[in-house]
Amino acid sequence: MTQPESIRTFFERYNAALQRLDVSATAEFYSLPCSFIGNAGIVVQQERDGLESLVAGLFGRYRAINFGKAEITALRAEILSAHLHQVRVHWQLNAIDGSALYDFETIYVVANFGNGHRITAVIVVNEAERYKALIQQIAGERTFIGKLPK
């Protein structure tokens, strides 16, 4: 299997764990320590409990928006070295009823030092903003009944 094919297979398996909202199975795809980088700052998870807590928090946010499915709509892997890839994934989240929730991109640094691929760093490109916009939309829809006040 070529490197890009093995990366795609890795992310398909990762996505299967996400679909189930399985905290433990999802955490298996990460190497510790792992860095999570976004507009709010940098979080480095050193231990499995911290990683699982972070993943559980994400899944809690997904449950709050009636998450049903995540789809990989695009994946681009770039070889950085013999052991490292940078992988840009475009995700589409859908609700339980199949309707679109939002799409976003995430960049992953994936390492393979002989024990299979593992995510070592995550750059959250725009998911936080897309999630916040959806929550604001949902809150607005629930706040007013009938015509909006002037």
Note to self: Taking loop as defined by DSSP and a crowding limit of 15 other beta carbons within 10 Å, which GluC sites (Glu not before Pro) in region 40-111 fit?
What the structure shows: GLU47
Item checked: PHE36, PHE11 arranged by Cβ crowding within 10 Å, fewest neighbours leading -> PHE36, PHE11
Next item on the list: Positive end of the charge dipole of the chain (Lys, Arg +1 and Asp, Glu -1 on Cβ, about the Cα centre): tell me which of ILE65, ILE138, VAL109 has its Cα farthest that way.
Entry: ILE138
Check: Based on DSSP H runs of at least 4 residues, each adding -39500 (n - 2.57), what is the mean residue ellipticity at 222 nm of the chain after dividing by all its residues, to the nearest 500 deg cm²/dmol?
Finding: -12000 deg cm²/dmol
Margin query: What do you get for the angle between helix 3-19 and the principal long axis of the chain? Use alpha-carbon atoms, 0 to 90 degrees, nearest ten.
Written below: 40
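With a 10 Å Cβ neighbour count serving as the proxy for reagent exposure, in which order, fewest first, do VAL43, VAL122, VAL110 appear?
So the ranking, lowest neighbour count to highest, is VAL43, VAL122, VAL110.
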Item checked: Helix 127-143 vs. the chain, principal-axis angle (Cα, 0 to 90°, nearest 10) -> 20
Note to self: For a test of the definition: using alpha carbon positions, the gyration tensor, and the 1.5 limit on a/c, classify region 1-102 as rounded, prolate or oblate.
What the structure shows: oblate
Check: Which of the trypsin sites (Lys or Arg not before Pro) found in region 1-97 are loop residues per DSSP with 16 or fewer other Cβ atoms within 10 Å of their Cβ?
Finding: ARG20
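Laboratory data are not the source of any read-out in this text; all were calculated from the coordinates shown. Every value quoted in this text rests on a predicted model; they were computed, and no experiment measured them. Because the Cβ atoms are built from the backbone with ideal geometry, glycine has one as well, and the counts that use them run over all protein chains shown.
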